[in-house]
Structure formats: structure tokens, C-alpha cells
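Below is one structure; the comments refer to it alone.
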């Protein structure tokens, strides 16, 4: 059999791959691409969800930009994104490195660390709502052991509300830990052993080998963490509902409020801005962590 016939057979075999990809392509088009295009188009319309959308240009966006709640939401999103990228992911990475060393009790710690992530976001928000309750909450109860006159309304008074909502997710980074730990375990042990033979210290191995080789996992964690802040809803809706004032307001709350008031065009304008923020985050993190470059 000559090379031309072999090449032709390979091309014919390759065509079957598309048959297996077809279900995934259909699911993506129906449940991802079409909704995204719909959001992008109707963001520039006046639409109540019943009548046909009518084009109104940039009116939805100008109304959003004139709304103080939008700018507070944007400020909150930027601050939460920074905390997610630095504190949330950083904490998860530290725990991953600790578990990698398998200290005494590491299996128990890993299991306990998993518990918050097997509880639904809504249930977790309700748990924190009671924990921060002024009268019967766990947090104030512990503080009053030392200061009986302690009286703080964590979820209803500024600036405590913002930081109380932030604490519902800030240190619960098990997904980050699992992603980075998996990457650490994939590093060849021979590479670590060679570095140790050459006299490298533990810190040198971490900063010169393990962290650089885990950068894609860390970058993925940053993207996942920031996009989770973009779509964060239950943690706010079931604790502060955006208050006090607009202190904990965010874009998903504005989106839901617009839908409740039958302003689907405005809601999709908010959704489009969320999509754009997610894309920008993806591009920036890919650039910073050199996600497309070989290790």
C-alpha cells in the first residue's frame, strides 16, 4: 500500500471524529451559543419578555451607567475579584502545598476542608446568616464571652456587611486546592530528587520548580474564582440582599431585579457586561500566567 492510499485512509477515518463530536456541538449551540447571541442582541432592545423586542440602541446601557447601584456593583466586583485572585486562590495554593507534604492528619484535614463544598450555596448562605446574627449568632456569642456588651449587626450595618458576605466564600478554597494539588502530584519525583541532590533547599524547590510548573493550575483557579464572583448570587441574596443601601450590591442582583420588573432588555444588558468581564478576565489571566506556553 503506497503512501497516498495510507493518507487517504487516515483522512477518511478522521471524518468519523465529527460524528462523535456532533452531540457536544449540538449541546453547545443550543444551550450556550444561541443564548449568548440572544443576550447580545436583546441587550440593545426594550423587551418585557412577552411582546417582541424593540430596538432602543444604547438606552439600556446609558440607564445602567446613570444608576449608582451599577457603579457600586462594579466596585464590589473589582474588589471581590482582587480578593479572589490573591487571598482565595493564595489560601487554596498554600493548603495544597501543605497537603502535598502529607503531614500528620492530612487525610482528616482534606476531608474536613471538603465539607463546605458539598453544601449548596443557598444552604451555606443561610448558615452564615445565622452565624452572623446579632442575638443568637455563633460569632457574637463567642465574642460576648470576653465582652458581654458586644453588639454588632454584621449583615445590616456598613461596612461590616460587605466583609461578612466576603467571609462566606473567601477561605473556602477546596476546588483551588484540589486543582493545584493534582498538578503538584503530576510533577516527576525524579525532578525533585535531582534538585535535592544538587543542594536545592525546600524553598528553592517550591519557588523554582513547583510553583512555575503549577502556574497553569493556579491560573485556571484564578479564572474559576473570579468568574464565580461575577455570578455570585445566593451568598448575597440570602444574607444582605444587596444592602445596607448598595453596600453589597452586585450585577446578578441587578439582573434578577430587572427580570422581576419585566425589564428583560436591561437584564440582558447586565448579562452582556458580565460576559464581557468574564472574557477580559480570561484574556488577562492567560497573559499573566502564560497559559498557552509550554512549561
#### Entry: Failed item, numbered, when residue 226 is tested on (1) out of contact with any helix residue (DSSP H, G or I) (no Cβ under 6 Å at 6 or more places or on another chain); (2) farther than 16 Å from residue 94 by Cα; (3) in contact (Cβ under 8 Å) with a residue 12 or more places away in the chain
(1)
### Message
Could you check the range 44-59 and list, in sequence order, the residues that are without any contact (Cβ under 8 Å) to a residue 24 or more places away in the chain and in contact with a helix residue (DSSP H, G or I) (Cβ under 8 Å, 6 or more places away or on another chain)?
### Response
none
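If I filter the range 24-43 for residues that are assigned to a loop (DSSP other than H, G, I, E, B), touching a residue at least 12 places away in the same chain (Cβ under 8 Å), in contact with a strand residue (DSSP E or B) (Cβ under 7 Å, 6 or more places away or on another chain) and surrounded by 12 or more Cβ atoms within 10 Å (Cβ to Cβ), do I get at least one hit? If you could, list the steps in order and put the result at the bottom.
From the range 24-43, those assigned to a loop (DSSP other than H, G, I, E, B) are 43; that's our starting set.
Of the ones still in play, those that are also touching a residue at least 12 places away in the same chain (Cβ under 8 Å) are 43.
Then drop every residue that is not in contact with a strand residue (DSSP E or B) (Cβ under 7 Å, 6 or more places away or on another chain), which leaves none.
Among the residues of the range 24-43, not one is assigned to a loop (DSSP other than H, G, I, E, B), touching a residue at least 12 places away in the same chain (Cβ under 8 Å), in contact with a strand residue (DSSP E or B) (Cβ under 7 Å, 6 or more places away or on another chain) and surrounded by 12 or more Cβ atoms within 10 Å (Cβ to Cβ), which makes the answer no.
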### Query
When only residues in the range 48-71 that are buried (at least 17 other Cβ atoms within 10 Å of the Cβ) and closer than 26 Å to residue 246 by Cα count, which is nearest to the chain's Cα centre (by Cα)?
70
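Does the range 71-81 contain any residue that is modelled with pLDDT of 95 or more and over 19 Å from residue 165 (Cβ atoms)? Working first, answer last.
Here is the first cut: in the range 71-81, the ones modelled with pLDDT of 95 or more are 71-81.
Narrowing further to those that are over 19 Å from residue 165 (Cβ atoms): none.
No, the range 71-81 contains no residue that is modelled with pLDDT of 95 or more and over 19 Å from residue 165 (Cβ atoms).
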### Hits in the range 64-78 - residues which are more than 16 Å from residue 158 (Cα to Cα) and assigned to a helix (DSSP H, G or I)
64, 65, 68, 70, 71, 74, 77, 78
### Message
Restricting to the range 135-170, and then to whatever is farther than 28 Å from residue 231 by Cα and assigned to a loop (DSSP other than H, G, I, E, B), can you tell me which residue is nearest to the chain's Cα centre (by Cα)?
### Response
152
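Among the residues of the range 180-192, are any within 18 Å of the chain's Cα centre (by Cα) and surrounded by 14 or more Cβ atoms within 10 Å (Cβ to Cβ)? Break it down stepwise before answering.
Going through the range 180-192, the residues within 18 Å of the chain's Cα centre (by Cα) turn out to be 180.
In the following step, the residues that additionally are surrounded by 14 or more Cβ atoms within 10 Å (Cβ to Cβ) were identified as 180.
Yes, there is a match, as at least one residue in the range 180-192 is within 18 Å of the chain's Cα centre (by Cα) and surrounded by 14 or more Cβ atoms within 10 Å (Cβ to Cβ).
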### Task
Return the pairs, sorted by first residue and then second, in which the second residue is in a loop (DSSP other than H, G, I, E, B) and modelled with pLDDT of 85 or more, the first residue lies in the range 113-124 and is more than 14 Å from residue 170 (Cα to Cα), the beta carbons are less than 7 Å apart, and the residues are 6+ apart or on different chains.
122/238
### Query
Does residue 194 fit the bill of being in a helix (DSSP H, G or I), touching a helix residue (DSSP H, G or I) at 6+ places or on another chain (Cβ under 8 Å) and more than 14 Å from residue 96 (Cβ to Cβ)?
no
### Message
Can you tell me which of (1) modelled with pLDDT of 90 or more; (2) more than 18 Å from residue 179 (Cβ to Cβ) is the one residue 122 doesn't meet?
### Response
(1)
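Can you pull out the residues in the range 171-190 that are in a helix (DSSP H, G or I) and either modelled with pLDDT of 95 or more or in contact with a helix residue (DSSP H, G or I) (Cβ under 6 Å, 6 or more places away or on another chain) (or both)? I'd like the intermediate steps shown before the answer.
Restricting attention to the range 171-190, the residues satisfying the condition of being in a helix (DSSP H, G or I) are 174-185, 189-190.
Result: 174, 176, 177, 179, 180, 181, 183, 184.
Rundown of residues vs (1) under 23 Å from residue 117 (Cα atoms); (2) touching a residue at least 40 places away in the same chain (Cβ under 8 Å), yes/no style:
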{"position": "194", "(1), (2)": "no, no"}
{"position": "201", "(1), (2)": "no, no"}
{"position": "207", "(1), (2)": "no, no"}
{"position": "217", "(1), (2)": "yes, no"}
{"position": "230", "(1), (2)": "yes, yes"}
{"position": "242", "(1), (2)": "no, yes"}
{"position": "250", "(1), (2)": "yes, yes"}
{"position": "258", "(1), (2)": "no, no"}
{"position": "265", "(1), (2)": "no, yes"}
### Task
Specify which of the listed residues (249, 291) is farther than 17 Å from residue 69 by Cβ and more than 14 Å from the chain's Cα centre (by Cα).
291
### Query
Any idea which residue in the range 100-118 is surrounded by the fewest Cβ atoms within 10 Å (Cβ to Cβ), counting only those that are touching a helix residue (DSSP H, G or I) at 6+ places or on another chain (Cβ under 9 Å) and more than 19 Å from residue 185 (Cβ to Cβ)?
115
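The values are calculated or read from the model by the stated rules, or taken from the named source; none is laboratory data. Owing to the predicted nature of the structure, the values given are computational and were not obtained by experimental measurement. So basically every Cβ, Gly included, is an ideal-geometry build from the backbone, and we count neighbours across all protein chains shown.
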